[in-house]
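Engineer: This structure is in structure tokens; I'll ask about it shortly.
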Amino acid sequence: MCGINGIVSLSGAPIDASETKAITAAMARRGPDGEGFVDLGSVQLGHRRLAIVDLTDFSSQPLRSHDGRFVIAFNGEIYNYQALREELLARGSRFSSKGDTEVIVEAYRHFGEGCVGRLRGMFAFGIWDTHEQSLFLARDPLGIKPLCIARTREHLRFASSARALLLASDVDAQIDDAALSSYLAWGHVPEPATLFRGITMLPAGSTLTVRAQRVGSPQRFWRVGDLWRSPMPAATPHSFREAALGTVSAHLVGDVKVGVFLSAGIDSSALLGLATEVQGRAQTAITLGFDEFAGTHSDEVPLATRIAAQFGAEHHVSRITLDDVEQLIPEFVEAMDSPSTDGLNSFLVTRAARRLGLKCTLSGMGGDELFGGYPVMHRFATMERVRARVPRAAWRLASAVAAPSAAWRREKVRYVADAMRAPESLYHLLRGVRTPDEVAGRMGQDRFRAAGGLEAILQPVRTVWQGVPEHPWVRVVTAEFALYLRNQLLRDSDWASMWHGVELRVPYVDRTFLEACAANVVAARGAGGKRLLAEAPSPALPTAVARRPKTGFSLPMSSWTVRAIRNGLLQMPSFLALGEPRRDSMALADQVERGELHWSRAWSLTVLDRYVRPRQRWGNA
């Protein structure tokens, strides 16, 4: 797990090494264990290291192959590297290290671009071939690790951080209005866009080759929709348990201690049980507790403590107060590499992990997306089944007469009749932060239309549904994995954890695991997946956890948002203010406090003020 970057000259002109070194240095928090830089004439590679596998200098990067032909900058972990190493040794490969980075290089030597199909893990890397003078870029199938790209007339740059790339003098740092529109609508910026005109994201499950100073197009080697292409044998408790044990075992590989994030939910509780079983010893578990939730159903500490005791874990509870959050918000938004309505939970729990001396942790992320843990998934499946059967006039009438108590819901109610036109707009109604009219109202109608309007907002959904069966549950699981999980939860967890120098691993977000069980779990439409997961550890999870109503990894965000705005920590950005930014900000706080505005709508606006900064002020991305 690290921070990588590189630059290729597309004109043959010399490259300014100081700029590449500055971008590498800006990612220091992603890799506190070491720094490396290689100048190869027409290409430069930089690397910041967080040492997890093979802690020796033999795995320092950028890493050269034993014959000097290939040079790699790699971010992530390859969980099957030991088995792949044995296969490559049999093919004649030689190794100087005991880590996974050199295995990628040798896999590329033998299998070429097809090497990505052999890798089980999370990865983003660039390999320079000194013989062919070509650069090969790749990003893991599910988009766990980021790979940002900035192409200009004379250069192609790549890095783990979008904000770090803005240190390059010729990268366009202007806000992309289409990306801004999507952010306001969804609460995140869907790939391949970033908030900046000059920077894109290499799509998940894709590769890109630069050869003869020409940049190719991204080539997709895997997508979530591929899960539904072929039938699988029925999932039984035994086969599911074997798949779950397999992915947890794979994600425990490494040369440092691995902790577990523990809430009171099934996903993380099962993860703790499975990890304990795999390793045959007590695990270190970390739980967040909040003063505002003490003594309520939302307080996860008591039940998490019970689960930790069941599996004999060394349990640590990190208590978070309102004062703690107020002090951390400036640092939190400074760490943010892509604007988001989420991420604070990952920021706080990885901070707690690092304070305990941990450099690597497991998270139950992805369980809800696969097993139907979110209410929005069930609502979509139900509404999609009746959408085409009910006349739009009836939906319009229902919208007109509905009068929810919270004013912030009224705009969504008004959107229902239009949203029921198509499945993609229905998904946006249920998962989005703002309706199209609200986005247009904040940006201005002309600016909104120029950015693509409603079509631009819905296009990411249409893209991920291409070739996917028109089954409501298949569609919503695909969208949750390829949009919400990838563009928000995984992306937020990456920058939030890396800010603290912690590697976050997600065993449920694993291609091998999904290919083993996803189709059959999805066929159950959310009815049996969580039960299978609750029964997977030995002993199984207690009824108090298995039947506990969904609460999520909740934080008291309403009160935190109000206080942050009123104390001047967060403020409306001038380019979205409808009047004076400070006055608009206070109005937002008042609305949240009165229950007239959901906290996420105020939060998503005000974090932009701290996120969009002059690039010369950014560092430690």
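The values are calculated or read from the model by the stated rules, or taken from the named source; none is laboratory data. Treat the numbers as computed from the prediction; the structure is a model and nothing was measured. With ideal geometry, Cβ positions are generated from the backbone for all residues, glycine too; neighbour counts draw on all protein chains shown.
Engineer: Among the residues of region 99-117, is any among the polar types (S, T, N, Q), in contact with a Lys or Arg (Cβ under 8 Å, 6 or more places away or on another chain) and farther than 17 Å from F158 by Cα?
Structural biologist: Within region 99-117, not a single residue is among the polar types (S, T, N, Q), in contact with a Lys or Arg (Cβ under 8 Å, 6 or more places away or on another chain) and farther than 17 Å from F158 by Cα.
Engineer: Taking the conditions exactly as written (buried (at least 22 other Cβ atoms within 10 Å of the Cβ) and either farther than 30 Å from W599 by Cα or outside the structural domain of I15 (by TED's automatic domain parsing) (or both)), does F158 satisfy them or not?
Structural biologist: yes
Engineer: Can you tell me which of V171, V189 is farther than 20 Å from A335 by Cβ, in a loop (DSSP other than H, G, I, E, B) and hydrophobic (A, V, I, L, M, F, W, C)?
Structural biologist: Only one candidate qualifies: V171.
Engineer: Quick check: is even one residue across region 256-274 small (G, A, S) and more than 23 Å from the chain's Cα centre (by Cα)?
Structural biologist: Checking region 256-274: at least one residue is small (G, A, S) and more than 23 Å from the chain's Cα centre (by Cα).
Let's see how each residue does on (1) modelled with pLDDT under 95; (2) within 26 Å of P203 (Cα to Cα); (3) surrounded by fewer than 21 Cβ atoms within 10 Å (Cβ to Cβ); (4) of a type outside the set (S, T, N, Q):
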| residue | (1), (2), (3), (4) |
| --- | --- |
| L40 | yes, no, yes, yes |
| E77 | no, yes, no, yes |
| A83 | no, no, yes, yes |
| G112 | no, yes, yes, yes |
| W128 | no, yes, no, yes |
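Engineer: Kindly state which strands (runs of 3 or more DSSP E) lie completely within region 97-161 and contain at least 3 residues that are closer than 19 Å to I78 by Cα.
Structural biologist: Answer list for region 97-161: 121-129, 134-139.
Engineer: Within region 215-228, restricting attention to residues that are over 22 Å from the mean Cα position of the chain (by Cα) and touching a residue at least 24 places away in the same chain (Cβ under 8 Å), which residue is surrounded by the fewest Cβ atoms within 10 Å (Cβ to Cβ)?
Structural biologist: Only one residue fits best here, namely V215.
Engineer: Among the residues that make up region 84-92, is at least one of them within 29 Å of the chain's Cα centre (by Cα) and free of Cβ contacts under 8 Å to residues at least 60 places away in the same chain?
Structural biologist: The answer is yes; a qualifying residue exists.
Engineer: Pairs under 9 Å by beta carbon, first residue in the same structural domain as R594 (by TED's automatic domain parsing) in region 559-575, partner hydrophobic (A, V, I, L, M, F, W, C) and loosely packed, with under 14 Cβ neighbours inside 10 Å, six or more apart or different chains?
Structural biologist: Final answer for the pair search is M572/L578.
Engineer: Considering only residues that are surrounded by 15 or more Cβ atoms within 10 Å (Cβ to Cβ) and touching a His at 6+ places or on another chain (Cβ under 9 Å), look in region 385-442 and name the one that is modelled with the lowest pLDDT.
Structural biologist: Out of the qualifying residues, it is W408.
Engineer: Can you find a residue that is crowded, with 16+ Cβ neighbours inside 10 Å, more than 23 Å from the chain's Cα centre (by Cα) and without any contact (Cβ under 8 Å) to a residue 12 or more places away in the chain anywhere in region 592-610?
Structural biologist: No.
Engineer: Which one of the conditions (1) on the phi > 0 side of the Ramachandran plot; (2) surrounded by 17 or more Cβ atoms within 10 Å (Cβ to Cβ) does V349 fail to meet, given that it meets all the rest?
Structural biologist: (1)
Engineer: Oh, and also: Go through region 10-34 and give me each residue that's assigned to a helix (DSSP H, G or I) and either in contact (Cβ under 8 Å) with a residue 60 or more places away in the chain or buried (at least 18 other Cβ atoms within 10 Å of the Cβ) (or both).
Structural biologist: E19, T20, A22, I23, T24, A25, A26, A28, R29, R30
Engineer: Of the conditions (1) buried (at least 19 other Cβ atoms within 10 Å of the Cβ); (2) at pLDDT 95 or above; (3) not assigned by TED's automatic domain parsing to the domain that holds K359, Q459 fails just one. Which one is it?
Structural biologist: Condition not satisfied by Q459: (1).
Engineer: So, one more: Look at F240 and say whether it is in contact with an Asp or Glu (Cβ under 7 Å, 6 or more places away or on another chain), more than 30 Å from S59 (Cβ to Cβ), among the aromatic types (F, W, Y) and crowded, with 16+ Cβ neighbours inside 10 Å.
Structural biologist: Judged against the criteria, F240 is not a match.
Engineer: How many residues does region 361-381 hold that are assigned to a helix (DSSP H, G or I) and closer than 30 Å to E314 by Cβ?
Structural biologist: Counting residues in region 361-381 that are assigned to a helix (DSSP H, G or I) and closer than 30 Å to E314 by Cβ gives 5.
Engineer: Quick check on my filter: what residues within region 204-228 are assigned to a loop (DSSP other than H, G, I, E, B) and touching a helix residue (DSSP H, G or I) at 6+ places or on another chain (Cβ under 9 Å)?
Structural biologist: Of everything in region 204-228, those that are assigned to a loop (DSSP other than H, G, I, E, B) and touching a helix residue (DSSP H, G or I) at 6+ places or on another chain (Cβ under 9 Å) turn out to be A204, G205, F221, W222, R223.
Engineer: D299 versus (1) assigned to a loop (DSSP other than H, G, I, E, B); (2) on the phi < 0 side of the Ramachandran plot; (3) crowded, with 17+ Cβ neighbours inside 10 Å; (4) touching a residue at least 12 places away in the same chain (Cβ under 8 Å): which is the lone unmet condition?
Structural biologist: Among (1) assigned to a loop (DSSP other than H, G, I, E, B); (2) on the phi < 0 side of the Ramachandran plot; (3) crowded, with 17+ Cβ neighbours inside 10 Å; (4) touching a residue at least 12 places away in the same chain (Cβ under 8 Å), D299 violates only (4).
Engineer: Continuing with the same structure: Tell me which residues, restricted to region 530-580, are of a type in the set (S, T, N, Q) and either touching a Leu at 6+ places or on another chain (Cβ under 8 Å) or surrounded by fewer than 14 Cβ atoms within 10 Å (Cβ to Cβ) (or both).
Structural biologist: The answer is S538, T543, S559, T561, N567, S574.
Engineer: Oh, and also: When you scan region 239-258, how many residues do you find that are aromatic (F, W, Y) and modelled with pLDDT of 95 or more?
Structural biologist: Counting residues in region 239-258 that are aromatic (F, W, Y) and modelled with pLDDT of 95 or more gives 0.
Engineer: To continue, here is another question. Among the candidates L202, L208, L195, L165, single out the residue that is within 30 Å of D437 (Cβ to Cβ) and either charged (D, E, K, R) or not assigned by TED's automatic domain parsing to the domain that holds C517 (or both).
Structural biologist: Of the residues listed, the single one that is within 30 Å of D437 (Cβ to Cβ) and either charged (D, E, K, R) or not assigned by TED's automatic domain parsing to the domain that holds C517 (or both) is L195.
Engineer: So, one more: Here are the criteria: (1) in contact with a helix residue (DSSP H, G or I) (Cβ under 8 Å, 6 or more places away or on another chain); (2) part of a helix (DSSP H, G or I); (3) surrounded by 21 or more Cβ atoms within 10 Å (Cβ to Cβ). Tell me which single one E334 does not satisfy.
Structural biologist: (3)
Engineer: Would you tally the residues in region 54-93 being assigned to a helix (DSSP H, G or I), over 13 Å from H110 (Cβ atoms) and touching a helix residue (DSSP H, G or I) at 6+ places or on another chain (Cβ under 9 Å)?
Structural biologist: 4
Engineer: Considering only residues that are without any contact (Cβ under 8 Å) to a residue 40 or more places away in the chain and in contact with a His (Cβ under 9 Å, 6 or more places away or on another chain), which ones fall in region 302-323?
Structural biologist: Result: T305, A309.
Engineer: State whether one or more residues within region 178-185 are at pLDDT below 95 and surrounded by fewer than 23 Cβ atoms within 10 Å (Cβ to Cβ).
Structural biologist: Scanning region 178-185 turns up no residue that is at pLDDT below 95 and surrounded by fewer than 23 Cβ atoms within 10 Å (Cβ to Cβ).
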